[in-house]
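So the structure is just underneath, and the comments pick up after that.
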Amino acid sequence: MSARPSWPFRLVPALDSLRGYGRHDARGDLVAGLTVATVAVPQAMAYALVAGLPVEYGLYTAIVMTAVGAVFDSSRQLINGPTNAISIAVLSAIAIVPAEQRIQAAVLLAFLVGAIQLGITLLRLGDLTRYISHSVIVGFTLGAGTLLVLDQTKNLLGLAAVGDVHDHFLIRFWGSLTAGGGPHPATAAIGLGTIAFVLALRWGKARLGWRLLPDLMIVVALMAGLTAWLGLDQAGVQVVGTIPASLPAFGLPVFDFALMRQLSNGALAIAVLGLLEAVAMAKAIAAVTKQKLNMNQQCLSEGLANLAGSFFHCFPGSGSLTRSAINQQAGGSTQWSGVVSAAAVAVIMLLFAPYAHFIPRAALAGILMVSAYNMVDWGALHYHVRTTHFDAAIVTATAVSAVAISVEFCVMIGVLMSFMLTVP
């Protein structure tokens, strides 16, 4: 019987994975990390757009959170960083503050989320996540996917943004549709063309078996090249603009206690949602790899990743469904594939930031539209709606409250209903 690992190896699982680490592991981690990075760059920029932040903050999050989360992860293949679901929740949470304070609020939100998740870890409450029905995640992703489509339609088609950010998603969406002028032809062509190209590449990947083809990076680079070549940015197509070719610098969050009180409800909802999302993905991977997970360690890694990220200008994140699956499929063997991915994103940012100026917002919106569809587990949705009345009620209440009320409220009502209905 093998001896139990000493406390440094239990606290930092990435160190434990180095025992018996061989050439095969190193090759797998290198290939997987570089593959994940090609997906992480366009996704991180798009998710920052969802959260209402400059795109470089998504890249900062994909560097710092991914590296820190990987070092402390119980799961060997989980990739942390910005995600679709959390970005929608961040947008909802920081909508209460003035526009000039939103970056500050997003960074402070990451600190609060990390602190709450560390509190859950210290109280050893991580195992309670097993009593929260998966119906909550299914309902949330359905509602969040709907909100994502409503929020990004204006960027996809070049519609006029109408209304204040404090207005509800539905009000802003209706205002954009009914505003004069209609879609901007060049912007709509870029946005819809992005969706068509992504779907075509994925069809080709499936047919030819090229699983590791970086489809998102290829399409974004193509659309940026077209925009620069045809001068579409001068014809009204909105681009992401200048991205600093520098790594995230250390800086303390601005501890404004009045703002902390305003963000507290959103922080609690995002902390719980982030843990549910990461644990669900880690369990899905472990079911394939047969790895034994430590749920409390998983909660610790999420808390430390968010907390550390707040000191390097990051917004909250969690375990990524897409990037984790790619990491596993590409042969990622240990947590070090996540460190490789973070380093590769940093290198890409330093080398190619000057060329990212021409990336159209419509192209990122197109990527998000595809992600909105893929983030919903349609098989699980069909299963939970048909299995029991309790599951159907949780899915429906969570999804409807996300769209009709708020993202933070939908998470809390889903968790509450889960304890009231599923546990008994």
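Observations on the model:
- The alpha carbon radius of gyration of the chain, expressed as a multiple of 2.2 N^0.38 Å, is 0.94.
- Remark: region 338-403 carries 45 Å² of accessible area per residue (probe radius 1.4 Å; ligands, DNA and RNA excluded).
- FRET efficiency estimate (nearest 0.05) - Cβ-Cβ, Val288 to Arg27, R0 22 angstrom: 0.65
- Here is the list for region 229-300: trypsin sites (Lys or Arg not before Pro) lying in DSSP coil, each with at most 13 other C-beta atoms within 10 angstrom of its C-beta, are Lys290, Lys292.
- Remark: region 173-294 carries 55 Å² of accessible area per residue (probe radius 1.4 Å; ligands, DNA and RNA excluded).
- Expressed as a whole percent, the accessible area of the chain that falls on carbon and sulfur atoms is 68 (1.4 Å probe).
- Unit charges on C-beta of K, R, D, E only; dipole of the chain, Debye: 1100 debye
- Accessible area (Å², per residue) of region 2-128, counting only protein heavy atoms and a probe of 1.4 Å: 36 Å²
- Kirkwood-Stokes translational diffusion coefficient of region 32-124, alpha-carbon pairs, 37 °C, 0.692 mPa s, µm²/s: 234 µm²/s
- Residue with peak Gaussian network fluctuation, the chain [Cα springs, cutoff 10 Å], from Ile405, Ile413, Ile270: Ile405
- Choice from Leu208, Leu350, Leu78 showing the highest fluctuation, given a GNM over the chain with Cα pairs closer than 10 Å: Leu208
- Taken one residue at a time, the phi angles of region 103-111 give Karplus couplings (6.51, -1.76, 1.60, θ = phi - 60°) of 5, 4, 5, 5, 5, 5, 4, 4, 4 Hz. Gly and Pro are set to x.
- Within a straight-line Cα-Cα reach of under 24 Å, Lys292 can be paired with the following lysines, leaving aside sequence neighbours fewer than 8 residues apart in one chain: Lys283.
- Coordinate range of the alpha-carbon atoms in region 219-319 per principal axis, descending: 52, 45, 25 Å.
- Karplus-derived HN-Hα couplings along region 363-378 (A = 6.51, B = -1.76, C = 1.60, θ = phi - 60°), whole Hz, x at Gly and Pro: 5, 5, 5, x, 4, 5, 5, 5, 5, 4, 6, 6, 6, 8, 7, 5
- Rg/Rh for region 361-411, where both radii come from Cα atoms and Rh is the Kirkwood radius: 1.09
- Between Ala115 and Asp256, the modelled label-to-label distance comes to 1.6 nm, taking each label 7 Å out from Cα in the direction of the beta carbon.
- Computed over every Cα-Cα pair of region 271-377 and binned at 10 Å starting from 0, the pair-distance distribution P(r) comes out as 11, 35, 40, 13, 1 percent.
The values are calculated or read from the model by the stated rules, or taken from the named source; none is laboratory data. Bear in mind the structure is a predicted one, so any value in this text is a computation, not a measurement. Because the Cβ atoms are built from the backbone with ideal geometry, glycine has one as well, and the counts that use them run over all protein chains shown. Ligands, DNA and RNA are stripped out before the accessible areas are found, and what is left, the full protein with its side chains, is counted by its heavy atoms. Shrake-Rupley method; radii C 1.70, N 1.55, O 1.52, S 1.80 Å.
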